[in-house]
Amino acid sequence: MNIKNNIVSLAAVGVVSLLACQSAMSVTFLPTTTYADHHETRGYVAFQWFTSETSLTKPNIVLGVRQTTTDVSNKVTGYDISYSYSLEKSASDALRVGYLDGKCSRGLATVGLGYSFKKDTVLGFGGLVGSYAKAFGEIDSKKNLGAGLEVSTLHCAGDRESTTTTNIPI
C-alpha cells in the first residue's frame, strides 16, 4: 500500500511540476481592444496549516497551478490544482482540484474534490481565496471535518489588463 501511495505521490508532483513549468513558459498575447478578457495561468508555492494536523513550525508545503479568466466586469472563473506535502510526517498529504468563481474585491469562492494520501480517503472542500491566502473547510469520506489556511506566493487574479489599440498610419 505504501508503494502505491509513493507512486501516486510522485505522479501528482510530476503533473503539478509540468503544469507549473508550462505556465511559466507560456506567452500571452493580449488582444488589441481597449478592454479584454484576461487569461492567466500561474504556478505557486504555499505554506498550509490544517487543524489538528500541522504545528505552527512545520506547515505543509503546497505546490499548485491556478488558471483563471477575468472578464470585462472583473468576474473571475477558473480552477486550481494543488499538491501538499507534510513536513511534520515527511509524506505526501493531499491532492486537490477546485473551481474558482467571484470577484477579487470580495474574494473568490472555491469548491472542489481531492484525495488524502495520509488518510487514504476522498475529500470535499469549500472556501474563500484572496490575494496571497486561502481559507477553507474540508470533509473527508469518513465524515471527519477540518479547516485550513494557506499563505501563498499568488496574488488574486481579477484586475483585468487594459491594452491599447495601435493605429498604423497608411
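The values are calculated or read from the model by the stated rules, or taken from the named source; none is laboratory data. Small disclaimer: the values here were computed from a predicted structure and weren't measured. Note that each Cβ is placed from the backbone with ideal geometry, even for glycine, and that neighbours are counted across all protein chains shown.
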Being among the β-branched types (Val, Ile, Thr), outside any strand (DSSP E or B) and closer than 29 Å to Asp37 by Cα is true for just one of Val97, Val72. Which residue is that?
Val72
How many residues of the range 65-81 are in contact with a Leu (Cβ under 8 Å, 6 or more places away or on another chain) and either surrounded by 19 or more Cβ atoms within 10 Å (Cβ to Cβ) or among the small types (Gly, Ala, Ser) (or both)? The answer is 7
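Just name the residue that is nearest to Asp140 (Cα to Cα) out of those in the range 107-121 that are aliphatic (A, V, I, L, M) and without any contact (Cβ under 8 Å) to a residue 24 or more places away in the chain.
By that ranking, first place goes to Leu113.
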Expected output for the range 142-170 (first residue under 19 Å from Gly64 (Cα atoms) and at pLDDT 50 or above, partner among the charged types (D, E, K, R) and not in a strand (DSSP E or B), Cβ below 9 Å, 6+ apart or cross-chain) is Gly148/Glu53; Gly158/Lys75
Of the residues in the range 90-106, those that are free of Cβ contacts under 8 Å to residues at least 24 places away in the same chain and farther than 22 Å from Ser52 by Cα number 3
Within the range 82-105, take every residue that is over 20 Å from Ser141 (Cβ atoms) and touching a Leu at 6+ places or on another chain (Cβ under 9 Å) and give me the one that is modelled with the lowest pLDDT.
Gly102
Scan the range 106-115 for residues that are surrounded by 14 or more Cβ atoms within 10 Å (Cβ to Cβ) and at pLDDT 95 or above and jot them down.
Ala109, Thr110, Gly112, Gly114, Tyr115
Residue hits (the range 106-132; in a strand (DSSP E or B), out of contact with any Asp or Glu (no Cβ under 9 Å at 6 or more places or on another chain) and of a type outside the set (Ser, Thr, Tyr)) are Gly107, Leu113, Leu128, Gly130
Would you confirm whether any residue within the range 137-153 is within 29 Å of Asp37 (Cβ to Cβ), buried (at least 20 other Cβ atoms within 10 Å of the Cβ) and in contact with a Leu (Cβ under 8 Å, 6 or more places away or on another chain)?
no
